[in-house]
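Student: Right, I'll just put the structure down here and ask away after.
The values are calculated or read from the model by the stated rules, or taken from the named source; none is laboratory data. Being a predicted model, the structure only gives us computed values, none of them experimental. Neighbour counts run over all protein chains shown; Cβ positions are idealised from the backbone, glycine included. Remember, those area values only see protein heavy atoms, side chains included, never the ligands or the DNA or RNA. Shrake-Rupley method; radii C 1.70, N 1.55, O 1.52, S 1.80 Å.
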Amino acid sequence: MNQIKGIPALVLMLLALSSCGPKAQELTEAILPVNPSYFIQENLVQDITKEVHRLSVGPKAECYKIVVKSVPHEHQMGPWCPTHLEDGKEKGGIWFENGKVYDVDGHFISNIGEFYSDAKWKLYNDDGSIKVTQTQEECEGAAKPNVEEIYHNYCVECQPSFYHDHITTYYIPVNPVYRNRATKVRRGIMGLAFNGVNFDPPAPTEAILKAHTLAPLDDCGGHVNPHTGYHYHAVTGCTKEIPQNDQHAPMIGYAIDGFGIYALLDTAGNPPTGLDACGGHEDALRGYHYHAGEAGSNQILPCLNGAAGEMIVSH
Ligand SMILES: [Zn+2]
Ligand SMILES: [Zn+2]
């Protein structure tokens, strides 16, 4: 097949070359600056200001300083752990395994040994009540990387009220800097929703499961830890979205490097094409931007292609 509808093969070849975008080595579109008016004003502790701040690489740069309480404005937090084996899915949150999202209801808890092919699981008492961490001490004992022995076989949840005095400060570059070299972020954050709640790297499910504990997310993909308070590990469509003028997926937040994060599916339900390793690509309207991973992937963004700002939590 040398010609399609009369177009010479050479032209077709050039077209194919120009559209091989997945490994965006260099950007061809303009980079959009961060728009601070997208953030939900009610969640801000103070007005957004500009300040020169360090980035993960390269020189210091002008950043937006965004100071918030990491508490969503658009939705309730929880529930996470059901309390009885007879509880339906409305009494619990979600969990993910192998790319799939599961409702954490009483049935899931009673079945979990089978689910993970490990008979050591038993998250419930003989009367059918589920062992859930209750106090701040219990949640912190169970939420550590090295789970204390007495909290093995617990459904772990920390209440937002334990950390209500946490204040989160984000610095994101006003004009994102594309680096063309992906950065894996193991700790810290990948970005934030417009309500100021952070998008975290993947939950450390291996450590959690090894201790036969479960730390469910609520239906909005969030849960609470002692370090950053309420945070998301999945994007499920609960938070503020900025609709686009074309069919493109709505914007849902900013990565910590200042590039926009968009939902996965466009308005027709189609996934984006030509994404790089970090889930990013570019187009004429939005410049370089990311798309959030599927909820079951435990990965909102796999990595960053820009110089990252910083998140600082004070309490
Ligand atoms: Zn977490
Ligand atoms: Zn896109």
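Student: For helix 9-18, what angle does its Cα long axis make with the longest principal axis of the chain, in degrees from 0 to 90 and rounded to 10?
Tutor: Once rounded, the angle reads 50 degrees.
Student: Please give the net charge around T273, taking every other residue with its beta carbon less than 11 angstrom from that of T273, where Lys and Arg add +1 and Asp and Glu add -1.
Tutor: Residues close to T273 contribute a combined charge of -2.
Student: Taking loop as defined by DSSP and a crowding limit of 14 other beta carbons within 10 Å, which chymotrypsin sites (Phe, Trp or Tyr not before Pro) in region 71-132 fit? Could you put the intermediate results ahead of the total?
Tutor: Working: sites: W80, W95, F96, Y102, F108, F115, Y116, W121, Y124; in loops: W80, Y116, W121.
Answer in residue order: Y116.
Student: Going through region 17-110, which GluC sites (Glu not before Pro) have at most 16 other Cβ atoms within 10 Å and a DSSP loop state?
Tutor: Sites meeting the loop and neighbour criteria: E26, E29, E74, E86.
Student: Using the heavy atoms of the protein chains and a 1.4 angstrom probe, tell me the accessible area per residue for region 96-213 in square angstrom.
Tutor: Using a 1.4 Å probe on heavy atoms only, each residue of region 96-213 averages 51 Å².
Student: Apply the Debye scattering formula to region 104-143, with a single equal point scatterer on each alpha-carbon and no solvent, then give log10 I(q)/I(0) at q = 0.24, 0.25, 0.32 Å⁻¹.
Tutor: -0.87, -0.90, -1.02
Student: Still on this structure, please answer the following. Which distance in Å, rounded to a whole number, links the C-alpha centroids of region 32-46 and region 84-150?
Tutor: 36
Student: Follow-up. Heavy atoms only, probe 1.4 Å: what % of the accessible area of the chain goes to carbon and sulfur, would you let me know? Mind showing how you got there, number by number?
Tutor: Numbers: 8200 of 15850 Å².
Answer for the chain: carbon and sulfur cover 52 percent of the accessible area.
Student: Give the average over all directions of the projected area of the C-alpha convex hull of the chain, one decimal, in nm².
Tutor: Across all orientations, the chain yields a mean hull projection of 19.4 nm².
Student: Could you list the trypsin sites (Lys or Arg not before Pro) in region 70-136 that lie in coil according to DSSP, counting only those with at most 15 other Cβ atoms within 10 Å of their Cβ?
Tutor: Hits after loop and neighbour filter: K120, K122.
Student: Further, regarding this structure: Based on alpha-carbon positions alone, could you give the equivalent ellipsoid semi-axes of region 155-195 from the gyration tensor, as √(5λ), descending, whole Å?
Tutor: Equivalent ellipsoid of region 155-195: 29, 16, 8 Å, largest first.
Student: Around D87, which amide H atoms from residues at least 5 apart in sequence, or from another chain, sit under 5 Å from its own amide H, with H modelled in the peptide plane?
Tutor: Hits under the 5 Å cutoff: G106.
Student: If I model a spin label as a point 7 Å beyond the Cα along the Cα-Cβ vector, how far apart are those points for I167 and I312 in nm?
Tutor: 1.1
Student: Compute the label zone of A268 within region 228-262: residues whose backbone N is under 14 Å from the point 7 Å along Cα-to-Cβ.
Tutor: 246-249
Student: Considering only Cα-Cα distances, which of the following residue pairs are longer than 23 Å: K89/K144; K65/K240; K89/K122; K65/K144; K144/K210; K69/K240?
Tutor: Correct reply: K89/K144; K65/K144.
Student: Which value, in Å³ per residue, describes the convex hull spanned by the Cα atoms of region 70-164?
Tutor: That works out to 128 Å³ per residue.
Student: Once phi is turned into ³J(HN,Hα) by the Karplus curve 6.51 cos²θ - 1.76 cosθ + 1.60 with θ = phi - 60°, what whole-Hz value does each residue of region 268-275 show in order, with x for glycine and proline?
Tutor: Coupling constants for region 268-275: 9, x, 9, x, x, 10, x, 6 Hz.
Student: In deg cm²/dmol, rounded to 500, what helix-only [θ] at 222 nm does the chain give when every DSSP H run of at least 4 residues adds -39500 (n - 2.57) and the total is split over its residues?
Tutor: When only DSSP H runs of four or more count, the value is -2500 deg cm²/dmol.
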